[in-house]
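A.B. asks: Dropping a structure here in structure tokens format, bear with me for questions.
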Amino acid sequence: RGHVVAVVEELGWNLRTVPDSAALVAERLRELGLAGVLILAHSKGGLIGKELLVTEPSLARGMVSISTPYGGHPFSRIAPTPALRAFRATDPVMLALAAERAANASIVSISAEVDPIVIGGTWLEGARNICLPVVGHFRILSHPAFLTLLDELLDEAGAGGKSPPPSGTKQQGRIVE
């Protein structure tokens, strides 16, 4: 569709902390001479994107996040790796991101009706929250409902952004909170 896309391959398996990953993304955007970008992020990438919106507001103007565990994950305390244990709702990084509410207005948080990985949900206060009739954490990324919605959101972003629909409304089978 003609959009410039910058993939940050350096994230690799995404085992760094959220702040370290956000710094890596910021460095890459600067190397590419990009600013005011729209971030498209899945899962932990949404936390990294929000960190970037908070710490480097000139680099990113907004974000579409998919299946992002903004409220943490209830089982992360028993996870086998530090990267997964960092999703505790009481983790200092998670608490700091939750406290940063101003950035939420520039985020569209998209979730599946049933996500077996993000048990606590992806609802983010002050964001545009959209739930799609999909089952799956990864499956949502290739679902026709998501792809249609993504096209609409990219069109809105390219047109300077339209007003989001009123809270609590339902659009074309999508629940907007």
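The values are calculated or read from the model by the stated rules, or taken from the named source; none is laboratory data. Everything quoted here is computed from the prediction, not taken from an experiment. FYI the Cβ positions are ideal-geometry reconstructions off the backbone, even for glycines, and counts take in every protein chain you see. These area figures cover heavy atoms from the full protein model, side chains too; ligands, DNA and RNA do not enter into them. Shrake-Rupley method; radii C 1.70, N 1.55, O 1.52, S 1.80 Å.
A.B. asks: Out of (1) at pLDDT 95 or above; (2) in contact with a strand residue (DSSP E or B) (Cβ under 6 Å, 6 or more places away or on another chain), the odd one out for residue 123 is which?
C.D. replies: Of (1) at pLDDT 95 or above; (2) in contact with a strand residue (DSSP E or B) (Cβ under 6 Å, 6 or more places away or on another chain), only one is false for residue 123: (1).
A.B. asks: Tell me which residues, restricted to the stretch 58-88, are open to solvent by 50 Å² or more (accessible area, probe 1.4 Å) and closer than 20 Å to residue 4 by Cβ.
C.D. replies: Residues satisfying the conditions are 58, 61.
A.B. asks: Can you tell me how many residues in the stretch 127-155 are open to solvent by 60 Å² or more (accessible area, probe 1.4 Å) and not in a helix (DSSP H, G or I)?
C.D. replies: Residues meeting the conditions: 3.
A.B. asks: Within the stretch 6-20, does at least one residue satisfy the condition of being open to solvent by 80 Å² or more (accessible area, probe 1.4 Å), in a loop (DSSP other than H, G, I, E, B), within 24 Å of residue 137 (Cα to Cα) and free of Cβ contacts under 8 Å to residues at least 12 places away in the same chain?
C.D. replies: yes
A.B. asks: Going by what's in this entry, would residue 45 be described as surrounded by 15 or more Cβ atoms within 10 Å (Cβ to Cβ) and free of Cβ contacts under 8 Å to residues at least 60 places away in the same chain? Working first, answer last.
C.D. replies: Numbers: surrounded by 15 or more Cβ atoms within 10 Å (Cβ to Cβ): yes; free of Cβ contacts under 8 Å to residues at least 60 places away in the same chain: yes.
Spelling it out, residue 45 is indeed surrounded by 15 or more Cβ atoms within 10 Å (Cβ to Cβ) and free of Cβ contacts under 8 Å to residues at least 60 places away in the same chain.
A.B. asks: Identify all residues within the stretch 48-107 that are among the polar types (S, T, N, Q), part of a loop (DSSP other than H, G, I, E, B) and under 29 Å from residue 143 (Cα atoms); write none if there are none.
C.D. replies: Kept after step one, since they are among the polar types (S, T, N, Q), are these residues of the stretch 48-107: 55, 58, 65, 67-68, 76, 81, 90, 104, 106.
Remaining after also requiring part of a loop (DSSP other than H, G, I, E, B): 58, 67-68, 81, 90.
Hits for the stretch 48-107 are 67, 68.
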